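The values are calculated or read from the model by the stated rules, or taken from the named source; none is laboratory data. Note that the coordinates shown come from a computational prediction; the quantities given were computed from them, not determined experimentally. Neighbour counts run over all protein chains shown; Cβ positions are idealised from the backbone, glycine included.
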Amino acid sequence: MSPLGRMRFGSFIAPFHEPTENPTLALERDLELVQWLEYLGFDEVWIGEHHTAGWETISSPEVFIAAAAERTRHITLGTGVIGLPYHHPFIVADRMVLLDHLTRGRVIMGVGPGSLPTDALMLGIDPAVQRRRMDEAMDVIMRLLTDLKPVTHESDWFTLREAVLQLRPYTDPHFPVAVAASRTPAGMVLAGKHGLGVLSPGAIPEGGTAADLKEFWAIAEETAAEHGKTMDRGQWRLGTVAHLADTKDDAIEQVRAKAGRWIRHYHEMTIGREPLDVPEDKIIDHMVDTGAWCIGTPDDMIALIERLQELSGGFGSFFVQDGEMASREQTMHSYELVARYVMPRFQGSLVGLEASQSWSAGKLSEIADARDRAVSRANRDYTPPGSRRGAGRQEPAGGL
């Protein structure tokens, strides 16, 4: 059980699809995965926003969420994340309120500065101003969500004149909001400024050493105190790339080919990450050996989550960053293993079962003695069928 209570589990679907396959079928597979996650009892799923680079093909997480909401009933659906510098903040708030109503309160608004430099390049946005714009947009969005007073705001990139959301949020006072925070303090500062949740993909960066997560969280708490807000560790979500199988060797081999292509052809050759000095078919071994990814069995994931709890001081949700590195069937089985063997360890599901089994095991000698006495009594009390028929029988009067 998590120190903060029942831990939530989710998946972060960017998504990643190789640009050599049918994109329509790939999107359908993403929707199918959301349905499978709900069936398995996952709490939430996050949908990304990207516009370039060919691999991440969901341009509007809101539209995808609307489609997914019609196929599900319980799982929470989050934008992971809306690139705030790409949009007028009034439109962002207005669309999320609509989704809040359409899903009856099953949405979370995840926000960030935008992750792909080529998205900003295509839109004519200087990457140096993205985090400033994110901060400015978030100020306006929170005012729109929490205050009925008209908002007037003049910026170098958007304008609002006496703006009011005509449709108020379905969730009281509004749907949850989470800020992406992984590589820089900007996300933690913004979350602290408004007392929001935090979404931290890549909890363990390449190289195998976890970032100082306690100090990272402290940035948000210190900022929150400066603005009269408080932070809730239960709304901190940590995640990493993961794939599980029945054995660690199986898990590694199932993702070997696609993991290599994903890193080499997308991360390095497409978006310009620093190249790894290993052959493509050995990239997965590097990621496993350095501890950057969780590729293995449920026990490996349990150990990772326990380690992250210790390193961070506590968090409320763990999510799998889905890289679609295995076949459809293997991916489904990986999530099933998470649901069957990992989630119960951090949600209190096994406490009663383990206590009952332990209690029963402790009664073995007592039960054995009682069973022996019961068997002896049953044998002693047994009367053969023939004896039962003759017992107490009387001959008829004047018998022949």
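Observations on the structure shown:
- Within segment 238-252, if we keep just the residues that are in contact (Cβ under 8 Å) with a residue 40 or more places away in the chain and assigned to a helix (DSSP H, G or I), the residue that is nearest to ASP300 (Cα to Cα) turns out to be LYS248.
- Odd one out for VAL189, checked against (1) touching a Gly at 6+ places or on another chain (Cβ under 8 Å); (2) part of a helix (DSSP H, G or I): (1)
- Number of positions in segment 191-233 that are modelled with pLDDT of 95 or more, touching a Ser or Thr at 6+ places or on another chain (Cβ under 6 Å) and either exposed (fewer than 14 other Cβ atoms within 10 Å of the Cβ) or more than 23 Å from HIS174 (Cα to Cα) (or both): 0
- Scanning segment 253-267 for residues that are in contact with a helix residue (DSSP H, G or I) (Cβ under 8 Å, 6 or more places away or on another chain), free of Cβ contacts under 8 Å to residues at least 60 places away in the same chain and either of a type outside the set (A, V, I, L, M) or surrounded by fewer than 20 Cβ atoms within 10 Å (Cβ to Cβ) (or both) gives ARG256, ALA257, GLY260, ARG264.
- Candidates ILE91, ILE108, filtered to the one that is at negative phi and in contact with a strand residue (DSSP E or B) (Cβ under 7 Å, 6 or more places away or on another chain): ILE108
- Scan of segment 128-139 for residues that are under 13 Å from VAL177 (Cβ atoms) and crowded, with 20+ Cβ neighbours inside 10 Å, ordered by number: MET134, ALA137, MET138
- Residues satisfying the stated conditions in segment 18-42, i.e. part of a loop (DSSP other than H, G, I, E, B) and surrounded by fewer than 21 Cβ atoms within 10 Å (Cβ to Cβ): GLU18, PRO19, THR20, GLU21, ASN22, GLY41
- Hey, GLU329 in a helix (DSSP H, G or I) and either without any contact (Cβ under 8 Å) to a residue 12 or more places away in the chain or of a type in the set (Val, Ile, Thr) (or both) or not: yes
- Annotation note: of ALA370, ALA361, the sole residue that is surrounded by 10 or more Cβ atoms within 10 Å (Cβ to Cβ), farther than 30 Å from GLU253 by Cβ and either of a type in the set (Ser, Thr, Tyr) or modelled with pLDDT of 85 or more (or both) is ALA370.
- Residue that is farthest from ASP43 (Cα to Cα), among those in segment 339-379 that are of a type outside the set (D, E, K, R) and in contact with a helix residue (DSSP H, G or I) (Cβ under 7 Å, 6 or more places away or on another chain): LEU350
- Wholly within segment 75-161, helices (runs of 4 or more DSSP H) carrying at least 2 residues that are farther than 20 Å from ILE65 by Cα: 117-122, 130-146
- Out of ALA128, ALA93, sole residue that is small (Gly, Ala, Ser), closer than 24 Å to HIS50 by Cβ and either at pLDDT 95 or above or touching a Cys at 6+ places or on another chain (Cβ under 7 Å) (or both): ALA93
- Hits in segment 108-126 - residues which are surrounded by 15 or more Cβ atoms within 10 Å (Cβ to Cβ) and small (Gly, Ala, Ser): GLY110, GLY112, GLY114, SER115, ALA120
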